[in-house]
Every structure is written in structure tokens, then in C-alpha cells.
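The values are calculated or read from the model by the stated rules, or taken from the named source; none is laboratory data. Remember, predicted model here, so these are calculated numbers, not experimental data. Note that we place each Cβ from the backbone using ideal geometry, even for glycine, and neighbour counts take in every protein chain shown. These area figures cover heavy atoms from the full protein model, side chains too; ligands, DNA and RNA do not enter into them. Shrake-Rupley method; radii C 1.70, N 1.55, O 1.52, S 1.80 Å.
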Amino acid sequence: MTEQTAAPTAATEEPAAPAPEQEIPSAGAEPIPVTDVQAAEPVPVTEPVPAAESIPATEPVPVTDVQAAEPVPAAGSVPATEPVPVTESVPATEPVPAAESVPVTEPLTAPEQALAATEPVPAPKSSRRVLRAVARWTAAVLVLGGLGTGTALGITSMERTEVPGLATEGDGRWDFPELSLPALPAGSPRPFNEANVAEIHHADLRKLLIPAPAGATADKKLTGGWVSTTQFVSEFRKDKRGELTQLLDDSALRHIAARGWTMPDGTRSKVYLLQFNSTAYAQGLRDDTYVSSTPGIPLDWPTDLQLDESWNAGGKVPETAVYAYGETKTGKGRIHEAYIQAGDTLALVIHSQQGKKIAEQIPFRQTLILQNQLLG
């Protein structure tokens, strides 16, 4: 009894508060101060409640929760690992089931359920067969389409003479470069424009000359530039050159441009462009040299030429006049000659072969038509 009176004043004045007002903290809450329980020494400890009743042994608290909520031990307190004795005055409340704080079974089974839910449902065998058949036919169509496209590209890239069944022999045409009209000075119209009454060619006459075709060898005397009257009259018979020179002097001739070439088959080509001060002078020279049903002043050639009656003025440009001649009325022979009058300009085109070889008529007419288009 003496020991009980010697107890601290706080213990005598305030007897130990009944424990029913307290609750057992759940995991993660503030721990109950142990010092208060120890201070109540007079309270007899009777039949402690087994720990199995408060926390079933079969349901251990997850280790992760205990580690996440480590309480800070107070000075002089009992280690947190030791169970707190529970007396009769402190009835134990119903233990908090561990499943409420941290469910254990659901997280373990959830991933398996999710994986099971994502597994694809096997398609029926009949659907798979249809898909395989469609895939095979699609692959076959793509292969055949690729072969057809490659064949078409190969054929279109070939020349006509290289395609089996379509091969045709060439008709003798020459391969001329792409032609284009030269630029005009600012404000100058084309020769046959309504604003150009005199039908004057305002473009550089040298740029109106037809270019040499592919494979040609250029004539060193006739390079596409200006030539003299002497060079022009040298194409005619010697006994007529003086007369022609006088006619040119009297016709207000401005200048002469010329180009010549020789093809691999031996054909020699010459083109002369004579420009005058007006269309009237060009027309006058044509009349004075009797260019109409006959070539007028003959070329330096052993035979006289005749009007080519087979010439149908193909590719004729309006407002221009074309006269074609050959050794026969059909234009065939070793030489072809033609005059073109286009406004103030008179052109002379000559194709010839040496010896007994016939000069091809198709390239001659091709040259004549293209030159006429350039002048028109």
C-alpha cells in the first residue's frame, strides 16, 4: 500500500482512463503512446486477449504496408514489434480486416484476367480459308499487273522498227532538229500579219535558214551566214551568171544567207535566202528569171529540169508560192530544185547526187516544206 501512495500525483488524481474510448490504430496511423499504458501500474492485468483474436494468424498484415508506415518510436517506449497488452478495462475492438486496407487477392488475379480478356478469339476455319484464297488471288493480280506495266514501258521506249510485228522500214526522212521561229524586234509584226502590208521579214534572215539534219556534214562555204552574190550565181551555168548578176544589182537586193551540208548517202543540199527591199522586188526577180513553168535560168547541171507535176504543194503556207523541178515530170532524178517566194524573200533549195545515183525525193520535199514554214 505504501508503494501505491508513492505513485505520481497524476496517477492518483486521474485514475487510468478506461480504454473503451480509444481505438486500435490501423496501419499507417499514429501509434498509441506506450508510456501512458505503462504508467498505469495499479491496473491489474487479467487474462490478456490472445493476439489471434485481434489479428488472425492466417491473415498477416502485408509487409509492404508495415514498411510504408514505420512509426517513430518514442523515448522509453516499448519497441513497435512487441504487442501491446490489452486488459479487461481496455476491451479490444473488432480487428480491421487486412483486406479493407490492402486487398491482396485482386491485384494478383487482375493481370491474369486482363491477359485473358485480350486473347483474340480464334476465327472460324472457313473465314481463314477465304482470306487465304483472297491473298493468293491478290498476289497473282499484282504480279500480272507488274509484268504488264513493265512490258508496256519496254514497248513504248522502243522505236517502231524495233517492235516485232510493227517494224516498218524508214521512208527516207531526215532527222531535223525541232524548229522554232526566231524572236522579232519589239513592235515588229510577222511578214503576213495585217499590220505588215509590205510583207517584210523583220527577223534575222540567217535564223530563218533551215538547220542541217542529224548526221550531216556541214559545207565549209555555206555555214549559215551571209554569202556574196558571186557565191550565189556560181550555182548557175557559166554563160548565164553575168545576166543574173545584173538582175540582182537592179532588184535592190539587201543580202543573201546560205547553208549547205552533205548526208552520209552522198546527197548534197544547199539552201539560199535572198532578201529584197520589198515584196515587189522579189516578185520582179522571179518574173525576170522566168520562174514558173520552167526554172528560168538553168542551174550548172548537164540536163534541163522540168516542172514536177507530182508536187501537190503539201505543207504550203498561205501567201507563199512554191515551184519544184526535177529531171522528169515526176520530179525523180539525180537533182531536185525549188523556189519559194515569201514576201520580200526568195529562197532556192537544191538537192543533188553525183554520178548515176538517184536523189531521194522524200527528204527533198521534207526540206522544202520545213523551209517554207519558217519563211511563212
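Brief remarks on what is shown
- Whole-percent carbon and sulfur share, accessible surface of region 220-260, 1.4 Å: 45
- Enclosed volume per residue, in Å³, of the convex hull spanned by Cα atoms of region 295-354: 86
- Summed side-chain charge close to Asn193 - residues other than Asn193 whose Cβ falls under 14 Å, Lys, Arg +1, Asp, Glu -1: -3
- Built from the Cα atoms of region 178-266, the convex hull projects on average onto 8.0 nm², one quarter of its surface area.
- Residue-count net charge about Ser234 - beta-carbon cut-off 12 Å; Lys, Arg +1, Asp, Glu -1: +4
- Rg(Cα)/(2.2 N^0.38 Å) for region 273-376, N = residue count: 1.03
- The chymotrypsin sites (Phe, Trp or Tyr not before Pro) of region 182-248 that DSSP puts in a loop, and whose beta carbon has at most 16 other beta carbons within 10 Å, are Phe192.
- Å² per residue, accessible surface of region 220-311 at 1.4 Å: 50
- In region 214-254, the inverse of the mean reciprocal separation of distinct Cα atoms equals 11.9 Å; this is its Kirkwood hydrodynamic radius.
- Gain on full extension, evaluated as 0.36 nm per residue between Asp250 and Ala133 minus their Cα-Cα distance, stands at 33.0 nm.
- Region 287-376: chymotrypsin sites (Phe, Trp or Tyr not before Pro) in DSSP loop, at most 13 other beta carbons within 10 Å: Tyr290
- Here the gap between Thr223 and Leu370, fully extended at 0.36 nm per residue and compared with their Cα-Cα distance, gives a gain of 51.1 nm.
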